[in-house]
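The next block holds one structure in the form of structure tokens; read it before the comments.
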Amino acid sequence: MLVDIHTHIFPDKMAADVIDKLSRISKSVAFTDGTADGLINSMKHTNVDLSVILPVATNPHQVEKVNNASSTINEKFSEAGLISFGCIHPDYENYSEELHRIKSLGFKGIKVHPIYQDTNIDDIKYLRIFEKAAELDLIVITHAGLDIGFPGVIRCSPEMLHRVSNEIGNFKFILAHMGGWKNWNEVIEYLTDTKVYIDTAFSTGKIIPRADSQWKIEDLNLLDESQFMKLFNAFGADRIIFGTDSPWSSQSESIKFIESLPISTKDKNKILSGNAEKLLNIN
């Protein structure tokens, strides 16, 4: 089984507008049309068996609506290899009740995004959510590091994440973008001695720019093999999980990057499937 732990889709009627808006903000291209069918087609071409969809509530009023829609995705597309996590917002007052509902609906975990949710990851509003999620054995995936659409905004640094890990202890905590997008030296400094997992989403190779955007060549660079191997050696194969951030990275190219690494087949399989299967409790 090949598992992509980090993907996004949008409702068919709004996907084109959302993709256009986010593409202009990020100045990068999308690799699918942002719909469920677009992701499924990508999976068929790349032999991805399971993609995990990560919804984000950008305000507290969206939480229940997004979770209801995500539950429908699980009912409709699970046989096609799509499952969705739930979402929560740090300003959502009934977070404990909603996390219990998320668990009862069969979600495996939740996604948070400190930059979109305008709250530091080590704020008490997140910490109490993480404590309850740990109690319910829910996976927590957070955006980590900088964000391509919000230059210079710091809401989830490796140092902050280290404090979260110390405060909450050992729980199922996945840090997207190799622990901190474009903060990768600090990831090794602050997070190696924690129990967190890191995913590979939108972190390898190069950003593919829009034709109408202007980038400095050096800013397009993400992790190359040498840089990735520093993180691999720091965290080990058991704590790295394959993800793409589809539609913002190519599933095909992301898989090729992992398969080309100078590591054992056993370790590649852990990254591409085994670690996710264990966390998701897939038999």
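The values are calculated or read from the model by the stated rules, or taken from the named source; none is laboratory data. Note that the structure is predicted; figures quoted are calculated from it, not measured. Using ideal geometry, Cβ is built from the backbone for each residue, glycine included, and neighbour counts are taken over all protein chains shown. Ligands, DNA and RNA are excluded from the accessible area calculation, which covers all protein heavy atoms including side chains. Shrake-Rupley method; radii C 1.70, N 1.55, O 1.52, S 1.80 Å.
Summary table
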{"read-out": "Surface accessible to a 1.4 Å probe, per residue, for the residues of region 134-283, Å²", "value": "45"}
{"read-out": "Under 19 Å from the Cα of residue 21 - aspartates and glutamates, other chains or at least 8 residues apart", "value": "12, 33, 147, 212, 245"}
{"read-out": "Neighbourhood net charge (14 Å Cβ-Cβ; Lys/Arg +1, Asp/Glu -1) for residue 258", "value": "-3"}
{"read-out": "Dipole-positive endmost among 171, 34, 77 within the chain (Cβ charges, Cα centre)", "value": "77"}
{"read-out": "Dipole moment magnitude, nearest 20 debye, region 19-71 about Cα centre, only Lys, Arg, Asp, Glu C-beta charged", "value": "220"}
{"read-out": "Over the chain, relative contact order from alpha-carbon pairs under 8 Å, at least 6 apart, %", "value": "20"}
{"read-out": "Within-15-Å neighbourhood charge of residue 139 [Cβ basis; K, R +1; D, E -1]", "value": "+2"}
{"read-out": "Which of 180, 90, 232, positive extreme of dipole for the chain (C-beta unit charges)", "value": "232"}
{"read-out": "Heavy-atom accessible surface of the chain: percent carbon and sulfur, 1.4 Å", "value": "48"}
{"read-out": "Nearest-20 debye value, the chain charge dipole, Cβ charges on Lys, Arg, Asp, Glu", "value": "240"}
{"read-out": "Region 132-283, dipole about Cα centre (Lys/Arg Cβ +1, Asp/Glu Cβ -1), debye to the nearest 20", "value": "180"}
{"read-out": "Span from the region 213-283 Cα centroid across to the region 176-199 one, whole angstrom", "value": "13"}
{"read-out": "22 Å Cα-Cα reach of residue 278 towards lysines, excluding residues that sit fewer than 8 places from it in its own chain", "value": "103, 108, 111, 132, 172, 195, 266, 268, 270"}
{"read-out": "Area of residue 37 that stays accessible when all protein chains are in place (1.4 Å probe, Å², to 10)", "value": "90"}
{"read-out": "Net charge over other residues, Cβ less than 11 angstrom from the Cβ of residue 20 (K, R count +1; D, E count -1)", "value": "+1"}
{"read-out": "Top positive-direction residue, dipole computed over the chain with Cβ charges, set 116, 60, 138", "value": "138"}
{"read-out": "Hits among lysines - C-alpha to C-alpha of residue 206 under 17 Å, sequence gap 8 or more where chains match", "value": "27, 182, 216, 256"}
